Amino acid sequence: MKYLDEFQDPELAKRLLDDIHATATHPWAMMEVCGGQTHSIIRHGLDQLLPDGIELIHGPGCPVCVTPLEVIDKALEIASRPDVVFCSFGDMLRVPGSEKDLFRVKSAGGDVRVVYSPLDALQLARTNPDKQVVFFGIGFETTAPPNAMTVYQAKKLGIDNFTLLVSHVRVPPAIEAIMTSPDCRVQAFLAAGHVCTVMGTAEYPPLAERFHVPIVVTGFEPLDILEGIRRAVHQLEDGRAEVENAYRRVVLPEGNPVAIRMLEDVFEVVDRSWRGIGMIPQSGWRLSDAYREYDAERRFEVGDIHTQESTVCRSGEVLQGLIKPHECSAFGTLCTPRNPLGATMVSSEGACAAYYLYRRMQVPAQPGPGETREVTSVG
Ligand code: SF4
């Protein structure tokens, strides 16, 4: 297949579904790691086409959702300073910190700008030498390489009024944390194809072997996802636990060696907190010693900001697949995309936002505090 719409072909989708229905003899629970996959599943109703016993658990692979509240608060503090130009991708501007968001900082006079590449932020630093330009670097192995490259460029060009506020995370330690959780129900993973485009597949066989869990590298279009599910079901029914690449048109086993070298040069692996989940050992990156002077957290001395998560929001349980979004009592009542309580409702990749966008008419919200509302339980 050559064109994107071919990956939404209903005839091919039916063939894949027929195979899944004919193969599945047991109930199985599998986790799609990436928020982009979650949106595709809910948007196209793929989960509703599967055999009754096949459950898709929505994983923690939404970069905005897993960025800790205290990192958002650090961004807000830095962005509020008069000499700072704070640059970010647009999806971070509405993410609520403990008291406000970046839009509020902007409306109060802060110089907050949406950019489309970290290199745009570096260019701003170059043309505004009297300002401190900060780029908000969040996300997984997909967004980390361009941010690493920007810091590398800043050092090479001697641009010292540029810094990066870093909150990068890595998928394999999260898989390990999910599988060692006492509440874990995951029996197979649909790994995030774009992460593997950068990192390749070498990190996954030890996880598949240790936890006897199939890991299928999967893309994002409906046929990609159905093919990933089909392969996972075949493995589960056969009792196999292998790493398979169902996204060969994009993912090479070795990934992108240039990007990996850049990551290894600019970053070092550290323990990192994930919003709603907590600390996961070795699950993140920070700037390595050679580039530490470009660390915004150090330059602006915001390392002491510590914030408690909302007690109402259950996004941590959503991100671990322990509940579905509509099982949170705030879903659709106290918490909507217009007034989000948690990052999984803000982000376009968040599971709560996906359910709100595509399922809220089918899934009545649970009653908020003081409300009575009929609740339909769905799987
Ligand atoms: S519906 Fe809102 S409050 Fe509930 S888990 Fe999702 S983001 Fe948090």
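Each value in this text was obtained by applying a stated rule to the coordinates, not by laboratory testing. Since the structure is predicted, the reported quantities are computational estimates derived from the model, not experimental observations. Every residue, glycine among them, receives a Cβ derived from its backbone with ideal geometry; neighbour counts consider all protein chains shown.
What to note about this one:
- Dipole of the stretch 23-297 computed with +1 at Lys/Arg Cβ and -1 at Asp/Glu Cβ about the Cα centre; of 87, 48, 283, farthest Cα towards the positive end is 87.
- Label zone (residue 23, point 7 Å along Cα-to-C-beta; backbone nitrogen cut-off 17 Å) within the stretch 181-213: 187-191, 213.
- Top positive-direction residue, dipole computed over the chain with Cβ charges, set 166, 148, 105: 105
- Charges were assigned to the Cβ only: +1 to each Lys and Arg, -1 to each Asp and Glu. The resulting dipole of the chain about its Cα centre is roughly 760 debye.
- Top positive-direction residue, dipole computed over the stretch 23-297 with Cβ charges, set 121, 65, 76: 121
- Per-pair calculated FRET efficiency, R0 = 25 Å: residue 311 and residue 270 via Cβ, rounded to 0.05: 0.35
- The stretch 179-291 - charge dipole about Cα centre, Lys and Arg +1 at Cβ, Asp and Glu -1, debye rounded to 20: 220
- Table column - 3J(HN,Hα) (Hz), the stretch 124-131, Karplus curve with 6.51, -1.76, 1.60, x for Gly and Pro: 4, 5, 5, 8, 10, x, 8, 10
- Among the listed pairs 100/156; 74/324; 131/156, those beyond 26 Å (Cα-Cα): 100/156; 74/324
- For the chain: relative contact order, % (alpha-carbon pairs under 8 angstrom, 6 or more apart): 21
- MRE, 222 nm, helices only [DSSP H, n ≥ 4, -39500 (n - 2.57), over the chain, to nearest 500]: -10500 deg cm²/dmol
- Hydrodynamic estimate: the Kirkwood radius of the chain over Cα pairs, inserted into Stokes-Einstein at 20 °C and 1.002 mPa s, corresponds to D of 100 µm²/s.
- Taking label positions 7 Å along the Cα-Cβ direction at both residue 157 and residue 252, the computed distance is 2.8 nm, reported to one decimal.
- For the stretch 1-160, the convex hull spanned by the alpha carbon atoms encloses 163 Å³ per residue.
- Between residue 11 and residue 358, the C-beta separation translates, for a Förster distance of 25 Å, into a calculated FRET efficiency of about 0.60.
- The stretch 1-50 and the stretch 192-262 have Cα centres spaced 16 Å apart.
- Fewest-first ranking of 62, 328, 184, using other Cβ atoms within 10 Å as the exposure measure: 184, 328, 62
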